[in-house]
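Visitor: Can you keep this structure in mind? I'll have questions shortly.
The values are calculated or read from the model by the stated rules, or taken from the named source; none is laboratory data. None of the values given here were measured: they were computed from a predicted structure. Reconstructed Cβ throughout: ideal geometry from the backbone, glycine too, with neighbour counts over all protein chains shown.
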Amino acid sequence: MYDRIRQITGEDIWKDMMKLRIEMRNSTLSSFRDVVITNAGKLQAKKILYGLLISSHEEVIQELLYTCMKIAHKLSFKTIAFPLFGSGLGVLSAQKAWQIILSQIIKNLSDENQTVREVTICIYNRKIVEEIDVRETLKQIQNLGWESLL
């Protein structure tokens with residue numbers, strides 16, 4: 001994911017992100033709830049919300065997503081995109097990461113006061129796309145409703 005962001009955003013944004021990442025890792029006050037904001041460089045986006053994913057545990061990923069959605073709401077964003085958190089570290093299967101992220105996004109979007117109306121999950125590795133059973137997930141939503149993913 002980092003390489004793809006670097007290609008798209010350019011070196012300046014990449015360097016800012018890496019500097020912030022190091023600062024967050026070195027800070028004893030930093031937690032997985034901390035998210036910093038940078039400009040989006042060449043991305044077709046307003047900002048990049050950058051969180052420090054200290055582990056691939058389900059609760060950590062859920063909290064990071066929740067925090068990002070909360071910030072997006074405060075900034076009145078209508079759309080937001082997330083990578084497939086947890087799959088890059090090799091700790092979680094792509095399918096498990098997919099399920100965690102979908103479930104949390106549904107919970108966040110269920111808040112009637114939420115300004116975010118569209119969430120994109122970015123997957124940059126074709127192998128990971130093949131591992132995730134997107135069609136089955138969509139069938140489940142169609143047959144049982146989105147609440148079946150919770």
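Visitor: Regarding PHE85, is this residue more than 14 Å from ILE121 (Cβ to Cβ) and at pLDDT 70 or above? Working first, answer last.
Guide: Values: more than 14 Å from ILE121 (Cβ to Cβ): no; at pLDDT 70 or above: yes.
No; evaluated as a whole, the condition is false for this residue.
Visitor: Filtering the range 41-52 down to residues that are more than 10 Å from the chain's Cα centre (by Cα) and farther than 16 Å from THR120 by Cα, which residue is modelled with the lowest pLDDT? Give the steps one after another, and end with the answer.
Guide: So in the range 41-52, the residues more than 10 Å from the chain's Cα centre (by Cα) come out as 41-48, 52.
Pick out the ones that are also farther than 16 Å from THR120 by Cα and you get 41-42, 52.
On the way: GLY41: 71, LYS42: 72, LEU52: 65.
Looking at the filtered set, the residue picked out is LEU52.
Visitor: If you don't mind, there's one more thing I want to ask. Is the range 66-77 home to any residue that is at pLDDT 85 or above, under 25 Å from LYS15 (Cα atoms), assigned to a helix (DSSP H, G or I) and touching a helix residue (DSSP H, G or I) at 6+ places or on another chain (Cβ under 8 Å)?
Guide: Kept after step one, since they are at pLDDT 85 or above, are these residues of the range 66-77: 66-77.
This time we only want the ones that are under 25 Å from LYS15 (Cα atoms), so: 67-69, 71-72, 75, 77.
If we keep only those that are assigned to a helix (DSSP H, G or I) as well, we get 67-69, 71-72.
Okay, now just the ones that are also touching a helix residue (DSSP H, G or I) at 6+ places or on another chain (Cβ under 8 Å), so 69.
So far as the range 66-77 goes, yes, one or more of its residues are at pLDDT 85 or above, under 25 Å from LYS15 (Cα atoms), assigned to a helix (DSSP H, G or I) and touching a helix residue (DSSP H, G or I) at 6+ places or on another chain (Cβ under 8 Å).
Visitor: Looking only at the range 78-127, count how many residues are in contact with a Phe, Trp or Tyr (Cβ under 9 Å, 6 or more places away or on another chain) and closer than 21 Å to ILE8 by Cβ.
Guide: 10
Visitor: Considering only residues that are at positive phi and in contact (Cβ under 8 Å) with a residue 12 or more places away in the chain, which ones fall in the range 66-125?
Guide: Within the range 66-125, SER76, GLY86 meet the criteria.
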